[in-house]
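Just so you know, all these numbers are worked out from the coordinates, no wet-lab data involved. Since the model is a prediction, treat every value here as computed from it, not as a measurement. Don't worry about glycine lacking a Cβ; one is built from the backbone with ideal geometry, like all the others, and counts go over all protein chains shown.
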Amino acid sequence: MSPASTNAVFSGSCTALVTPFKNGHIDKDAFCKLVDWQIENGTAALIPVGTTGESPTLSHEEHDFVVELCIKQTAGRVPVIAGAGSNSTAEAVRLAKTGAAAGADAVLIVSPYYNKPTQEGLYQHFSAVAKAVSLSVIVYDIPGRSIVKVDDATMARLAADHANITGIKDATADVGRPTRLRNLLGADFAQLSGEDATALPYLAAGGHGCISVTANIAPKLLSKMHAAWATGDIATAQSINERLMPLHDSMFCEASPGPVKYAAELLGICSAETRLPLCEIAPASKARVKAALRSAGLLN
């Protein structure tokens, strides 16, 4: 299949940023350096305080601070999609409004986790956020963490009823889904994979990009992969994907972002420190991450 339309609001290699910590506190300097490095290496958009950014263990004040810091440091060079998800609709609305006021280009709203809402509950949740802000809303469908899946019919209903629901971060790893959603929603509804290992086949099925964990540590390679795909250089895109596959797999050998933070520490980006209940990854996992970095040519 030839490359998908790139008229979607968001496309290419987008990074779900880690939140660096130092002695239990947000490492502002490391975060700002990470933002600059990402942009210098071709990342198309930045996503602070999503799952990879450990949003569940940030205080509300820290959450707002990281979003504002990302927007300030980015300074309009690339779009910022602010993580604003919660299993409380009222809290998701508050976070979305705060992100909008800070100058985000869009908000990323995860399906409510733990509550297990019905499809009608999901519709009402995302609708409440869309009504509360005028900027783009990206629906984050990740049934592996939230238990519930946003059905295609619910996505179609949301997109039809709210002009500012402009995309999906799809972490289902269902590579047939982009084609189905493309048929329902058209070629310009932004379809972003949320699963690194299936990002390339997702593009082949009609997707537009990926919100990536691996891009925290391999931004240049992933931006090149997406650029190659967009220009029809399928062989180069496949070659990069093959090179990075062991790294993608290693990033999820334990609960994310433990492995990617360890990789980031090895590369001198930030500390591997996480917050409980996430903890230091096991020795066997460290060996796997290190071997994958070497295999990808990112570590000597």
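With θ taken as phi - 60° and the Karplus curve 6.51 cos²θ - 1.76 cosθ + 1.60 applied, the whole-hertz 3J(HN,Hα) list for region 267-282 is 8, x, 7, 6, 5, 7, 4, 10, 10, 4, x, 6, 9, 4, 6, 5 Hz, x standing for glycine and proline. Using the Cβ-Cβ distance between ARG180 and THR57 with R0 set to 45 Å, the FRET efficiency from 1/(1 + (r/R0)^6) comes to roughly 0.80. The calculated FRET efficiency for SER88 paired with ASP152, based on their beta-carbon distance and R0 = 22 Å, is about 0.30. Across region 47-58, coupling constants 3J(HN,Hα) worked out from phi with the 6.51/-1.76/1.60 Karplus curve, θ = phi - 60°, read 10, x, 6, x, 4, 5, x, 6, 4, x, 10, 8 Hz, and Gly and Pro carry x. Quick one: length gained pulling ALA128 to ARG275 fully straight, 0.36 nm per residue minus the C-alpha distance? Residue separation times 0.36 nm, minus the Cα-Cα distance, leaves 49.9 nm.
Restricting the calculation to Cα atoms, region 100-161 yields a radius of gyration followed by a Dmax of 11.6, 32 Å. Label separation (ASN300 vs ILE234): 3.9 nm, computed from points 7 Å beyond Cα along the C-beta direction.
Taking the DSSP bridge list for region 12-233 and keeping only pairs wholly inside it, about 5 percent are antiparallel. Relative contact order of region 12-233: 21 percent, from C-alpha pairs under 8 Å at least 6 residues apart in sequence.
In whole Hz, with x marking every Gly and Pro, tabulate ³J(HN,Hα) for region 34-44 from phi via Karplus 6.51 cos²θ - 1.76 cosθ + 1.60, θ = phi - 60°. Once rounded to whole Hz, the list reads 5, 4, 4, 4, 4, 5, 4, 9, x, 4, 7.
Of the options ALA163, SER127, VAL175, report the single residue whose Cα projects farthest towards the positive end of the charge dipole of region 108-198 (beta-carbon charges: Lys, Arg +1; Asp, Glu -1). Comparing the listed Cα positions along the dipole, SER127 ranks first.
Ellipticity at 222 nm from helices only: DSSP H runs of n ≥ 4 in the chain, each -39500 (n - 2.57), divided by the residue count, give -14000 deg cm²/dmol.
Computed over all pairs of different Cα atoms, the Kirkwood value for the hydrodynamic radius of the chain is 18.9 Å. Taken over region 115-274, lysine pairs spaced eight or more positions apart, or on distinct chains, with alpha carbons under 19 Å apart number 4.
Remark on PHE21: its backbone amide H falls under 5 Å from those of ASP27, SER271, GLU273, a criterion applied only to residues 5 or more positions apart or on other chains, H modelled at 1.01 Å from N. Computed over region 1-120, the convex hull of the alpha-carbon atoms projects to a mean area of 9.3 nm².
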